[in-house]
Structure formats: C-alpha cells, structure tokens
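First up is the structure itself, then whatever we jot down about it.
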Amino acid sequence: MGKFDQRCYDKEIMDDLEVGGEILKQTLRELRTINRFLGGNHVTTSGLKILLSKDKTREYTIADIGCGGGDMLRVMADWTLKHGIKCKFLGVDANEHTIGMAKANLKNYSNISFLTQNIFDKEFEKIKVDVVTCTLFTHHFNDEELIFLLRVFKKSASLGMVINDLHRHPLAYYSIRLLTALFSRSPMVQNDGPLSVLRGFTRKDIKRVLQKSGMGAFQIQWNWAFRWRVICRFN
C-alpha cells in the first residue's frame with residue numbers, strides 16, 4: 001500500500017498547543033505567504049459567496065475555527081467589506097500564543113473578536129453563529145474526531161459551513177516538500193508542510209466523513225493548489 005492510499009495520522013509540530021515564540025512567528029509568516037502565493041484564500045471566500053445572501057440589511061456572524069494568526073479572518077473581513085456584507089467574526093484557537101499574535105495582527109479590526117478554546121471542550125458547543133469556516137484545519141484530526149466536530153459545527157451554525165483543506169496527492173506532496181526545502185527557514189513549516197498533505201483528503205475521504213456525520217446537503221469541489229472546498233448547508 002502506497003503512502004497516498006490512506007490518510008496519515010502522524011502529529012505535526014503545530015499540534016502542540018504550547019508551541020510559541022519565534023518558531024511560531026516564522027511559521028505563521030511563511031504560511032501567510034504560501035497561501036497568498038498559491039491562491040488558497042479564494043477557496044474560503046468563494047464558499048462564503050455561496051452561503052451569504054445579498055441582503056444588505058442583515059449582519060452575519062462567522063466563526064473561523066483554528067484561526068491561527070488571523071490571516072483568513074483578515075481576508076474574510078476585507079472581502080465582506082468590499083462586497084457590502086455586514087459581518088462580525090470570531091477567531092477560535094486552542095493555542096493562547098497563536099491567539100495573542102492574531103489579536104496583535106488584527107487590532108485595527110473592530111468587528112473581529114477572539115476566543116482561546118479547545119473545540120473538544122463542552123463550552124465550545126455553546127457557540128452560536130451563522131457560518132463556521134475551517135481553513136487548513138480539519139486535516140489535523142482523524143475521522144472519528146472529525147465526525148464529532150462536524151456534528152458540533154452543525155449545531156453551532158445556523159446557515160452552514162465552509163471547509164478549505166488539502167488534497168492528498170503525490171504532486172502536492174513533492175511540490176511542497178521541494179518548496180519548503182528551498183525557501184523555508186521554519187523547521188515547523190519544513191516538517192509540517194509535506195506531512196499536512198499526507199494528512200489531507202481524497203474526495204472519497206471527505207464524502208465518507210460528511211455522510212457519517214449526518215450532513216445533508218453538501219458540495220465538494222476541487223480547486224487549484226490542491227485544495228478542496230466543502231460547503232455544507234444547514235438550513
């Protein structure tokens with residue numbers, strides 16, 4: 001059986017919720033550049049375009065789960081402002097160091113707040129929003145964990161969910177392995193980048209998890225830079 005046939009469940013350095021300091025700062029800087037260069041941010045905003053109506057009088061609440069340094073929150077906030085959509089955002093992450101950096105990065109955005117929260121804690125289930133987004137986040141969990149989380153997200157979000165995550169593919173793996181070896185100065189990125197692809201998904205993987213979690217209407221679409229965009233409607 002080849003390394004791409006099934007998802008890998010080896011832990012990434014980033015899975016350590018205590019990691020912080022310069023290694024985390026450098027990692028988040030490089031991830032911001034990678035996402036901007038490869039165009040992965042569009043995957044999430046294109047999903048929002050489908051879920052959010054053009055009703056200019058309504059204000060939406062969007063929770064970005066596993067928000068990291070806040071890059072996707074910034075992208076979404078700028079995108080909704082450009083399109084005249086009123087939104088409040090909540091960035092959720094279990095790493096207090098990461099949340100601290102996100103707060104500093106987005107201090108000028110009055111419509112973005114933050115919550116340091118482990119999403120497996122009971123308290124997280126009390127969150128009520130319109131839309132949940134997850135960008136390069138769901139691959140950190142095994143199928144059983146994902147099924148549990150997706151059910152929680154369905155209870156938390158009134159409208160739906162947008163998932164932006166990696167396609168497990170040989171070309172994606174060897175490309176990111178080469179790019180990080182040549183250009184990355186972060187040991188975390190050099191380790192976690194290729195490993196993230198191995199922890200990523202095939203279409204079959206995603207469909208299986210969505211069906212087992214009880215999702216009704218969902219859409220799975222492949223996007224450039226070996227990303228999947230998954231949209232689930234809850235209403």
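The values are calculated or read from the model by the stated rules, or taken from the named source; none is laboratory data. Since the structure is predicted, the reported quantities are computational estimates derived from the model, not experimental observations. Cβ atoms come from the backbone with ideal geometry, glycine included; neighbour counts cover every protein chain shown.
Points worth noting:
- Annotation note: Cβ proximity below 6 Å between a residue of region 18-36 that is under 14 Å from Thr98 (Cβ atoms) and a residue that is assigned to a helix (DSSP H, G or I) and among the hydrophobic types (A, V, I, L, M, F, W, C) (sequence gap 6+ or interchain) occurs for Ile23/Met188; Thr27/Met188; Thr27/Val189.
- Lone qualifier among Val189, Val209 - being farther than 19 Å from Phe4 by Cβ, outside any strand (DSSP E or B) and among the β-branched types (Val, Ile, Thr): Val189
- Matching strands (runs of 3 or more DSSP E) fully within region 68-178 where at least 3 residues are closer than 24 Å to Gly21 by Cα and either touching a residue at least 40 places away in the same chain (Cβ under 8 Å) or under 16 Å from the mean Cα position of the chain (by Cα) (or both): 86-93, 112-116
- The set of residues in region 190-226 that are touching a strand residue (DSSP E or B) at 6+ places or on another chain (Cβ under 6 Å), farther than 24 Å from Glu144 by Cβ and surrounded by 15 or more Cβ atoms within 10 Å (Cβ to Cβ) comprises Asn223, Phe226.
- Scope region 190-232; condition touching a Gly at 6+ places or on another chain (Cβ under 7 Å) and at pLDDT 95 or above; matching residues: Arg227, Arg229, Ile231, Cys232
- Count of region 37-53 residues, restricted to those that are more than 14 Å from Cys134 (Cα to Cα) and either touching a residue at least 40 places away in the same chain (Cβ under 8 Å) or not in a loop (DSSP other than H, G, I, E, B) (or both), is 7.
- Filtered residue count, region 113-128, keeping only those that are buried (at least 20 other Cβ atoms within 10 Å of the Cβ) and either under 23 Å from Arg227 (Cβ atoms) or of a type in the set (Phe, Trp, Tyr) (or both): 2
- For region 54-65, a residue qualifies if it is outside any strand (DSSP E or B) and either among the basic types (Lys, Arg) or crowded, with 21+ Cβ neighbours inside 10 Å (or both), and the qualifying residues are Lys54, Lys56, Arg58.
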